[in-house]
Amino acid sequence: MENTKTILPLLTEEEICKVLHVSLDGILKCKRAEDPIPCYKVGRRFLYDLEKVLRWAERQAKRNIKECFM
């Protein structure tokens, strides 16, 4: 059996805002953060790989929880 991986399309800033339930300003802040949201710049557009963004969001959630208890 061949090992295949599903390739998901890259999402636009508007689409990633809907997925994460944040504003465009929130995404812009995340791009300038210490651990920035992963994205690709293609011409004038920023595109987002959903799988990478979800892993990044999970790291952010764990970091924020740890900071609350320190």
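The values are calculated or read from the model by the stated rules, or taken from the named source; none is laboratory data. Computed from a predicted model, the values in this text were never measured in an experiment. All Cβ positions, even for glycine, are placed from backbone atoms using ideal geometry, and neighbour counts span all protein chains on display. Please note that ligands, DNA and RNA were not included when accessible areas were found on the heavy atoms of the full protein model with its side chains. Shrake-Rupley method; radii C 1.70, N 1.55, O 1.52, S 1.80 Å.
Name the single residue, out of those in the stretch 54-70 being aliphatic (A, V, I, L, M) and either modelled with pLDDT under 90 or assigned to a loop (DSSP other than H, G, I, E, B) (or both), that is most open to solvent (accessible area, probe 1.4 Å). So the residue we want is Met70.
Does Cys30 qualify as being at pLDDT 95 or above, in contact with a helix residue (DSSP H, G or I) (Cβ under 9 Å, 6 or more places away or on another chain) and open to solvent by less than 100 Å² (accessible area, probe 1.4 Å)? For Cys30, the condition - at pLDDT 95 or above, in contact with a helix residue (DSSP H, G or I) (Cβ under 9 Å, 6 or more places away or on another chain) and open to solvent by less than 100 Å² (accessible area, probe 1.4 Å) - is not met.
Quick one: how many residues across the stretch 33-49 are modelled with pLDDT of 90 or more and exposed (fewer than 14 other Cβ atoms within 10 Å of the Cβ)?
Number satisfying all stated conditions: 7.
For the criterion of being within 14 Å of the chain's Cα centre (by Cα) and at pLDDT 90 or above, Glu14 passes. Contact map, the stretch 26-53: residues that are free of Cβ contacts under 8 Å to residues at least 12 places away in the same chain and assigned to a loop (DSSP other than H, G, I, E, B) paired with residues that are charged (D, E, K, R) and open to solvent by 60 Å² or more (accessible area, probe 1.4 Å), Cβ distance under 8 Å, separation 6+ or inter-chain. No pairs are found.
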